[in-house]
Amino acid sequence: MDFKRGEYSPNSDRLQNFREVAAFLGLRPSEVALTYLLKHIQSIALAVRSGKYAWTWNTEGGEGLKQ
């Protein structure tokens, strides 16, 4: 939770983005978290199906599959 905290919340509330998006959409923060998780699962599934992924933390183009 420390590694990317600055990208998601400028203060000590590390779950701020989940709470704010939930409020915008009329959902619970847990439902937003599940949606974000499904986005990552879909990305991993696509990478595995296509065989186009780098098993690294970072690539020249951005995040690797480990991240």
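The values are calculated or read from the model by the stated rules, or taken from the named source; none is laboratory data. In this text, all values refer to a predicted model and were calculated from it rather than measured experimentally. When we count neighbours, we look across all protein chains shown, and the Cβ atoms used for this are built from the backbone with ideal geometry, even at glycine. These accessible areas exclude ligands, DNA and RNA; they are computed on the full protein's heavy atoms, side chains included. Shrake-Rupley method; radii C 1.70, N 1.55, O 1.52, S 1.80 Å.
A few notes on this one:
- Among the candidates Leu27, Leu34, the residue that is closer than 22 Å to Arg14 by Cβ, at pLDDT 80 or above and part of a loop (DSSP other than H, G, I, E, B) is uniquely Leu27.
- When the residues of the stretch 37-63 are filtered to those that are assigned to a helix (DSSP H, G or I) and open to solvent by less than 70 Å² (accessible area, probe 1.4 Å), the one that is farthest from Leu15 (Cα to Cα) is Ser50.
- For Glu7, the conditions (1) assigned to a loop (DSSP other than H, G, I, E, B); (2) at pLDDT below 80; (3) charged (D, E, K, R) are fulfilled apart from (1).
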